[in-house]
1. Looking only at segment 68-101, count every residue that is within 16 Å of the chain's Cα centre (by Cα) and at pLDDT below 90 and tell me the total.
2. If I filter segment 53-74 down to residues being assigned to a helix (DSSP H, G or I) and open to solvent by 40 Å² or more (accessible area, probe 1.4 Å), which single residue comes out as nearest to Leu18 (Cα to Cα)?
3. Report yes if Leu136 is modelled with pLDDT of 85 or more and assigned to a helix (DSSP H, G or I), otherwise no.
4. When the residues of segment 107-120 are filtered to those that are more than 15 Å from Leu84 (Cβ to Cβ) and open to solvent by 30 Å² or more (accessible area, probe 1.4 Å), which remaining residue is modelled with the lowest pLDDT?
5. Scanning for something open to solvent by less than 30 Å² (accessible area, probe 1.4 Å), closer than 15 Å to Leu18 by Cα, modelled with pLDDT of 80 or more and among the hydrophobic types (A, V, I, L, M, F, W, C), does segment 38-51 turn up at least one residue?
6. What pairs come up if the first residue lies in segment 68-84 and is free of Cβ contacts under 8 Å to residues at least 24 places away in the same chain, the second is of a type in the set (Ser, Thr, Tyr) and in a helix (DSSP H, G or I), and their beta carbons are under 6 Å apart, counting only those six or more places apart or on different chains?
7. Would you pick out the residues in segment 35-52 that are outside any helix (DSSP H, G or I) and on the phi < 0 side of the Ramachandran plot?
8. Looking at this structure, is Leu27 hydrophobic (A, V, I, L, M, F, W, C) and buried (at least 16 other Cβ atoms within 10 Å of the Cβ)?
Amino acid sequence: MFLQFTIMIQRIQTVYLLIALVILGALPFVFPLFTMSDGKEFRFMNDSFYTVLFGLSTTLTLISTMYFKKRQHQFVLNRLTIILNLILLGLFVYRSLNLSGEAIQVSEKGIGMFLPIVAIVFLALANRAIKKDEDLVKSADRLR
């Protein structure tokens, strides 16, 4: 078990995925998404839809980290997570633009609103490293 963990950690895509896991799983508890006009902080837990999307993104990233032997599955799961984060980011932008009929007014954007962007960057870096590994394995198979 320990040997598998050390093999998993030696690959750079695992490091990128672990950073994305921390960004998606831990940092939303620390940083608020918005600050309302009345001074209250809006966290992701205040809206069940945001909670589900953050939870799903975190779960997919964790599963992708565990699939270190199946690079194609890892690649696909990372793409799904990137799409989920783009949806989450779109919802944040929609909410912050504050449509005219909306009762809630966002006065200040929080750091938490930009967490999906940082996670997307690390997921894309992980996908690039996975693709590089896959190309290396394919070239080694051609030499046999």
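The values are calculated or read from the model by the stated rules, or taken from the named source; none is laboratory data. Owing to the predicted nature of the structure, the values given are computational and were not obtained by experimental measurement. All Cβ positions, glycine included, derive from the backbone under ideal geometry; neighbour counts span all protein chains shown. Please note that ligands, DNA and RNA were not included when accessible areas were found on the heavy atoms of the full protein model with its side chains. Shrake-Rupley method; radii C 1.70, N 1.55, O 1.52, S 1.80 Å.
1. Summing the residues that are within 16 Å of the chain's Cα centre (by Cα) and at pLDDT below 90 in segment 68-101 gives 2.
2. Looking at residues that are assigned to a helix (DSSP H, G or I) and open to solvent by 40 Å² or more (accessible area, probe 1.4 Å), I get Leu62.
3. So Leu136 does not fit the description; no.
4. Among those that are more than 15 Å from Leu84 (Cβ to Cβ) and open to solvent by 30 Å² or more (accessible area, probe 1.4 Å), it is Ser107.
5. no
6. As it stands, the answer is Leu77/Ser64, since those pairs meet every condition given.
7. Within segment 35-52, Thr35, Met36, Ser37, Asp38, Lys40, Glu41, Phe42, Arg43, Asp47 qualify.
8. Spelling it out, it is not the case that Leu27 is hydrophobic (A, V, I, L, M, F, W, C) and buried (at least 16 other Cβ atoms within 10 Å of the Cβ).
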